[in-house]
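To keep things clear, I will list the structure first and then write my remarks on it.
Every read-out reported here was derived from the displayed coordinates using simple, explicitly stated rules and does not represent laboratory data. Just so it is clear, the structure is predicted and the values come from calculations on it, not from any experiment. With ideal geometry, Cβ positions are generated from the backbone for all residues, glycine too; neighbour counts draw on all protein chains shown.
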Amino acid sequence: MIVAKSVTKYFGELQALKNVSFEINKGEIVGFLGQNGAGKTTIMRILTSYLPPTSGQVFIGGQEVSKNSLTVRKKIGYLPETPPLYSDMTVRDYLKFAARLKDVPAKQQCVQIDKVLEECRLKGVQHKIISILSKGYKQRVGIAQAIINNPEILILDEPTIGLDPTQIIQVRGLIKSLEYERTVILSTHILSEIQQIAHRVLIIKAGEVVVDKTLKDLLKEFNSDLEDIFLKLHLAKENQEQ
Amino acid sequence: MKKIFAIAKKELKAYFKSPIAYIVLIVTISVFNIFFFLIIDGDREADLRDVFKCMEFLFIFIVPLLTMKIFAEEKLSGTMEFLMTTPTTNTAIVLGKYLGSLVFFTIIIGITSSYYFIIEFFGQPDRLTILAGYLGIWLEGALFIAIGILISSWTKNQIVAAISSYTVLFLLYFSIGFIKYFSGWAEIVIRYIAIWSHTGNLTAGIITTADLVYYISGIFVCIVFTRLSIENRLWR
Ligand SMILES: Nc1ncnc2c1ncn2[C@@H]1O[C@H](COP(=O)(O)OP(=O)(O)OP(=O)(O)O)[C@@H](O)[C@H]1O
Ligand SMILES: [Mg+2]
């Protein structure tokens, strides 16, 4: 479904991604793990065709992203790191705008908006102006926007950041409920979150994929929990560098 | 096509939610009232030419206020990432935004058309002349907006966008004053680019192909460059 072939990305002198390759199959839920600045957001931006890679290729559904970006974008629901909201719009107007831009047929727009409002528990604030919403609600509007067109692929950059515990559980539930229908890529700093919902983990360190394993294999191999593994990987390397 | 309208509608709604748009509306109408009164009070000549001249000068002040946010705001708030990852072409994004601003601007001009009816009441104006004048002033505003949007696409900072737009528009407006320092092809180029060489005819109600070409090609070039500029990934 999603194939990245030796993707590198430079920002000027800085090499943000080094030869990143991976393959993600339909129906998988994959978690991206990594420290701040590791390159998670950069990978996601390349997958969504927002940024072009410096070299390497990305294929989604067999099509190369940079060449067929419009068809590829139709399949993707994307929640960027900062929820991309128009603060002067009401929640409903914003979702309507998103539905139009994402080719939701005119007749289904209302039904679809109601559905995502329900799923993201936003019914009560649908006529509120976005700028007055709390951070968690804004995050939920961002998620609602990503799933408005029933995308085959969901790319969520830190989806549960800023949500309260009940919401976190609810959003995880939402992501899990999409399983087998959709491919989901999410990044997070909450390791237990990955343990709860992901099938597979990609640990990214300084722009390189250092671990790409199913969760089961990874836990078996290290015989400890994810937090331990994450710390070991990063501390060990840091010691080597010193 | 549908998406162009969706974006234009969003832009237009955003104007009516922002205080700047109302300030612009109020300033335009007040300035008009004053000028109109002065003209009518002075010589009672049923002529909109002076009104057009004043309108033109006013546009230089208001257009940057209308266009500064167009792309700068989207870039700053991260909504550009949303727009550009939906299946919308960059051309549709630029045209939608341009159309939205143009419609708002047309509404402002539309309000001033009430003066026409007053003139009609007092005298016998030349309708064709006035219509041509309106077309000219509208085209000029349309060009200013295209320039403002292009400049807004270069920066994340609305203030920078506004100040740069003022600079460019003032240069366009006053460049004819510096023409005596130039000669040869530079003089020809400046004379062609200067707004002044083109509005004279239009405000007098004369439409020439050369002037139409000037405005329309200017708008076209700005739109093409805006599209290139949002495609340019350097700022991301
Ligand atoms: N537009 C840009 N210009 C220059 N450098 C950039 C740009 N975007 C990202 N970087 C750099 O690329 C590296 C990777 O950034 P990225 O945002 O992908 O990290 P991340 O893994 O998402 O981190 P976080 O967990 O903090 O969100 C960082 O060193 C960052 O400073
Ligand atoms: Mg990030």
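With labels modelled as points extended 7 Å from the Cα through the Cβ direction, what inter-label distance (nm, one decimal) is found for residue B:120 paired with residue B:170?
In this crude spin-label approximation the distance works out to 3.9 nm.
Can you list the aspartates and glutamates whose alpha carbon sits under 17 Å from that of residue A:18, skipping same-chain ones fewer than 8 residues off?
In chain and number order, the partners are A:208, A:212.
Could you identify which residue out of B:23, B:193, B:118 has the top mean-square fluctuation in a GNM of chain B using Cα springs shorter than 10 Å?
Maximum among the listed residues: B:118.
Just A:104, A:30, A:116 to compare: in a GNM of chain A, with alpha carbon springs under 10 Å, which one fluctuates most?
Greatest mean-square fluctuation among the candidates belongs to A:104.
Length gain on complete extension for the stretch residue B:182 to residue B:213, per 0.36 nm per residue less the alpha carbon to alpha carbon distance? Walk me through the intermediate numbers first.
Details: separation 31, 0.36 × 31 = 11.16 nm, distance 2.42 nm.
Stretched fully, the residue B:182-residue B:213 segment lengthens by 8.7 nm.
Which net charge results for the neighbourhood of residue B:76, defined as the other residues with beta-carbon distances under 11 angstrom from its beta-carbon, given Lys and Arg at +1 and Asp and Glu at -1? Can you show the working numbers first?
Working: positive: B:69, B:75, B:156; negative: B:73, B:74.
With Lys, Arg at +1 and Asp, Glu at -1, the net is +1.
Quick one: which residues, 5 or more positions from residue A:210 or on another chain, have an amide H under 5 Å from its amide H? H modelled 1.01 Å from N in the peptide plane, none for Pro or chain starts.
Close amide H contacts, sequence-distant or interchain: A:203, A:204, A:205.
Between B:31, B:63, B:189, find the one with the highest GNM mean-square fluctuation for chain B; connect C-alpha pairs within less than 10 Å.
B:189
In nm, to one decimal, how far is the modelled label at residue A:64 from the one at residue B:204, with both set 7 Å along Cα→Cβ?
5.8
Within 15 Å, Cβ to Cβ, of residue A:158, how many net charges do the neighbouring residues add up to if Lys/Arg are +1 and Asp/Glu are -1?
Details: positive: A:40, A:45, A:135, A:138, A:140, A:172; negative: A:81, A:157, A:193, B:81.
Around residue A:158, the surrounding residues sum to +2.
Which value at 222 nm does chain A reach when only helices count, each DSSP H run of 4 or more adding -39,500 (n - 2.57), with the total divided by all residues and rounded to the nearest 500 deg cm²/dmol? Write out the running numbers ahead of the final one.
Working: 9 runs with 94 residues, N = 242.
It comes out at -11500 deg cm²/dmol, rounded to the nearest 500.
Once you have the Kirkwood Rh of the stretch B:2-235 from its Cα pairs, apply Stokes-Einstein at 37 °C and 0.692 mPa s and quote D in µm²/s.
On the way: Rh = 18.7 Å.
Rounded to a whole number, D works out at 175 µm²/s.
Rounded to the nearest 10 degrees, what's the angle between the helix A:91-101 long axis and the longest principal axis of chain A, both from Cα atoms, 0 to 90?
Here the helix axis deviates by roughly 70 degrees.
At most 13 other Cβ atoms within 10 Å plus a DSSP loop assignment makes a site exposed; report the longest stretch of chain A without any exposed trypsin sites (Lys or Arg not before Pro).
The longest uninterrupted stretch comes out as A:108-242.
Could you work out the local net charge near residue B:161, counting Lys and Arg as +1, Asp and Glu as -1, over the other residues with Cβ closer than 14 Å to its Cβ?
Working: positive: B:69, B:75, B:97, B:156; negative: B:73, B:74.
In short, +2.
How far is it, in nm, from the label point at residue A:14 to the one at residue A:227 when both lie 7 Å from their Cα along the line to the Cβ?
If labels sit at residue A:14 and residue A:227, their model points lie 3.0 nm apart.
Which links in A:75/A:138; A:9/A:232; A:123/B:3; A:138/A:220; A:26/A:232; A:96/A:205 stretch past 29 Å when you go from one Cα to the other? Numbers along the way, then the final one.
On the way: A:75/A:138 23 Å; A:9/A:232 27 Å; A:123/B:3 26 Å; A:138/A:220 38 Å; A:26/A:232 31 Å; A:96/A:205 38 Å.
Checking Cα-Cα distances, A:138/A:220; A:26/A:232; A:96/A:205 exceed 29 Å.
Set the bar at 28 Å for Cα to Cα. Now go through A:67/A:115; B:13/B:75; A:102/B:97; A:40/B:69; B:97/B:180 and name every pair that lies beyond it. Each step should come with its number before you reach the end.
On the way: A:67/A:115 33 Å; B:13/B:75 19 Å; A:102/B:97 17 Å; A:40/B:69 30 Å; B:97/B:180 38 Å.
Flagged as over cut-off: A:67/A:115; A:40/B:69; B:97/B:180.
Relative to the longest principal axis of chain B, what angle (0 to 90°, nearest 10) does the C-alpha long axis of helix B:127-152 take?
30
Tell me the volume per residue, in Å³, of the convex hull enclosing the alpha carbons of the stretch A:102-196.
Considering the Cα atoms of the stretch A:102-196, their hull volume per residue is 106 Å³.
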